[in-house]
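Computed from the coordinates by the stated procedures, all read-outs in this text should not be read as laboratory data. Computed from a predicted structure; not experimentally measured. Here the Cβ positions follow ideal geometry from the backbone for every residue, glycine too, while neighbour counts run over all protein chains shown.
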Amino acid sequence: MASDHGDSVFANVVRAPEDPILGVTVAYNKDPSPKKLNLGVGAYRTEEGKPLVLNVVRRAEQMLVNDTSRVKEYLPIVGLAEFNKLSAKLIFGVDSPAIQENRVTTVQCLSGTGSLRVGAEFLARHYHEHTIYIPQPTWGNHPKVFTIAGLSVKTYRYYSPETRGLDFQGLLDDLNAAPSGAIVLLHACAHNPTGVDPTPEQWEQIRQLMRSKGLLPFFDSAYQGFASGSLDEDAQSVRMFVSDGGECLVAQSYAKNMGMYGERVGALSIVCKSADVAVRVESQLKLVIRPMYSNPPIHGASIVAAILKDSHMYHEWTVELKAMADRIISMRQKLFDALQARGTPGDWSHIIKQIGMFTFTGLNAQQVAFMTKEYHIYMTSDGRISMAGLSSQTVPLLADAIHAAVSTVV
Ligand SMILES: Cc1ncc(COP(=O)(O)O)c(C=O)c1O
């Protein structure tokens, strides 16, 4: 009967591969095994393996729903003003001189990804240098977001497979060799996928080098508070760059630290040299956003603003956030201990040294495939596992699988 409708006008469309990260969940969902475990996607799970909605988020949401004076009119192109102000304070600090001097423009965007995209499009239109350096490796979506926005993507060395730590010299050499004015993407904390962050001293060296060469920092802050459990500590890298008076961009996401994944709440801030420049930059950000999605959604940003502006709710959030961070840190210790107990070949100390949502295990693609086939454990093929998806119950299974993988698959 298909011929009744003739050939599709889309007959030449080729089937695209699954997204390498989200595709892990697609494969996981198809697996009928009751013991299957998804460590692919970066979403927090409780000890019971369930998604978590923070109590404070539920409370704020209920408050908003009960408030019958609230309407669902369009937000301005740049989003909810209150949310933007509070987001800037969260990342730059309540006493930030840059904010007080009105040198920062903040616009509400569609979570971290949308903030990166809007920032990238702005740079492609208005910044003289179109090359952006991203760490090798980095979150898989970075090169796609920047390329499609019209930037040219190059990499700088970041991770040393030998030490499973930072390749600091490689990083300095590559940034030193970058053309002056180039944009540099920096993970504010909890580098994804490696879990390896520079020390404060290393950050300071990176800052000095970048400022001396006029490189433009573009921070991706997707895990503020989620790494150390402290919102201020996880913002130190960004604040170090802002306190020198120089310019930078910051993309913020509330997906992880408020568990607002599907609400798509985030912000792009551009720190400028003067208030006058910030006003002009904001006017151009509006021209980027308007034809892209017109204006951002109101619901998630209202929840975040309600929490950030109320000192009790804010405090409650920090407690719940720290509990998530602490659970992840305890999973690192448990997994490390379980591998030690099994006498698994190799040095696994990087599991407790790395920080944030992910451990970059060092397992190769064959070993990952083995663990999926034999143990129904799903993760990205680069050996990255989400520590937030683990629980005390599932650590032994993962440790058994890693032990078997490194013992039998080279
Ligand atoms: C480094 C990094 N940047 C940005 C994002 C964007 O997340 P979202 O768009 O959900 O805020 C993620 C999510 O995994 C990430 O790991």
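What are the residues whose amide H is under 5 Å from the amide H of T155, where those residues sit 5 or more places off or on another chain and H is modelled from the backbone?
Those lying under 5 Å, H to H, from T155 are I134.
Mind sorting C248, C109 by how few other Cβ atoms lie within 10 Å of their own Cβ, fewest first? Don't jump to the answer; show the numbers that get you there.
Details: C248 22, C109 30.
Starting with the residue having the fewest Cβ neighbours, the order is C248, C109.
Among residues other than S349 whose Cβ falls under 11 Å from its Cβ, what is the net charge (Lys/Arg +1, Asp/Glu -1)?
Numbers: positive: R164, R332, K353; negative: D347.
Its environment carries a net charge of +2.
Taking square-rooted eigenvalues a ≥ b ≥ c of the alpha carbon gyration tensor, is the chain rounded, prolate or oblate, where a/c under 1.5 means rounded and, failing that, a/b exceeding b/c means prolate?
Rounded is the answer for the chain, as its axis ratio a/c remains below 1.5.
Fewest Cβ neighbours within 10 Å first, please rank T131, T372 accordingly.
Least to most surrounded, the residues fall as T131, T372.
Where a ≥ b ≥ c are the square roots of the eigenvalues of the C-alpha gyration tensor, would you call segment 251-405 rounded, which needs a/c under 1.5, or, failing that, prolate if a/b is larger than b/c, or oblate? Before the final figure, lay out the partial values.
On the way: a/c = 2.72, a/b = 2.07, b/c = 1.31.
The shape class here is prolate.
Report, in degrees rounded to the nearest 10, the 0 to 90 angle that the Cα long axis of helix 299-309 makes with the longest principal axis of the chain.
It works out to around 80 degrees.
Just to check I understand the Karplus step: with θ = phi - 60° and J = 6.51 cos²θ - 1.76 cosθ + 1.60, what whole-Hz values come out for segment 238-255, glycine and proline as x?
So the J values, rounded to whole Hz, are 5, 5, 4, 6, 6, 6, 7, x, x, 9, 6, 10, 9, 9, 10, 10, 9, 4.
About the Cα centre of the chain, what is the dipole size in debye to 20, counting +1 per Lys and Arg Cβ and -1 per Asp and Glu Cβ, all else neutral?
Computed about the Cα centre, the dipole is about 360 debye.
List every residue whose amide H lies under 5 Å from the amide H of N192, counting only residues 5 or more places away in sequence or on a different chain, with H placed 1.01 Å from N in the peptide plane.
W139
Just tell me which lysines come within less than 22 Å, Cα to Cα, of K36; anything on the same chain fewer than 8 places away is out.
Correct list for K36: K50, K334, K373.
Pairs K30/K353; K256/K309; K89/K286: which are spaced more than 30 Å apart, C-alpha to C-alpha?
Exceeds cut-off: K30/K353.
Quick one: Karplus J couplings for segment 33-47, per residue in order, coefficients 6.51, -1.76, 1.60, θ = phi - 60°, nearest Hz, x for Gly and Pro?
Per-residue couplings from phi come out as 4, x, 9, 4, 9, 9, 10, x, 8, x, 10, 6, 10, 6, 4 Hz.
Dipole magnitude of segment 74-309 about its Cα centre, charges +1 at Lys/Arg Cβ and -1 at Asp/Glu Cβ only, in debye to the nearest 20?
Roughly 700 debye for segment 74-309.
For H187, which sequence-distant residues (separation of 5 or more, or a different chain) have an amide H within less than 5 Å of its own amide H, given hydrogens modelled in the peptide plane?
D220
Measure nothing but the geometry: give the 0 to 90° angle between the long axis through the Cα atoms of 168-177 and the longest principal axis through the Cα atoms of the chain, rounded to 10°.
40
With the chain treated as a Gaussian network of Cα nodes joined by springs under 10 Å, which of P291, P51, P97 yields the largest mean-square fluctuation?
Per the Cα network of the chain with a 10 Å cutoff, P291 tops the list.
Report, in degrees rounded to the nearest 10, the 0 to 90 angle that the Cα long axis of helix 275-293 makes with the longest principal axis of the chain.
60
Net charge within 15 Å of H403 by Cβ-Cβ distance, Lys/Arg positive one each and Asp/Glu negative one each, not counting H403 itself?
Surrounding charge for H403 is -2.
Taking the number of other C-beta atoms within 10 Å as the exposure measure, put H191, H299, H128 in order starting with the fewest. Walk me through the numbers on the way to the answer.
Details: H191 27, H299 16, H128 7.
Neighbour counts put them in this order, fewest first: H128, H299, H191.
Given axes a ≥ b ≥ c from the Cα gyration tensor, I'd like to know whether segment 148-194 is rounded (a/c under 1.5), prolate (a/b larger than b/c) or oblate.
oblate
Place the peptides 63-72, 204-213 in order of packing, highest mean first, counting for every residue the other Cβ atoms within 10 Å and averaging per peptide.
204-213, 63-72
Would you look at the GNM of the chain, springs on alpha carbons closer than 10 Å, and say which of F358, F83, F168 moves the most?
The residue with the greatest mean-square fluctuation here is F168.
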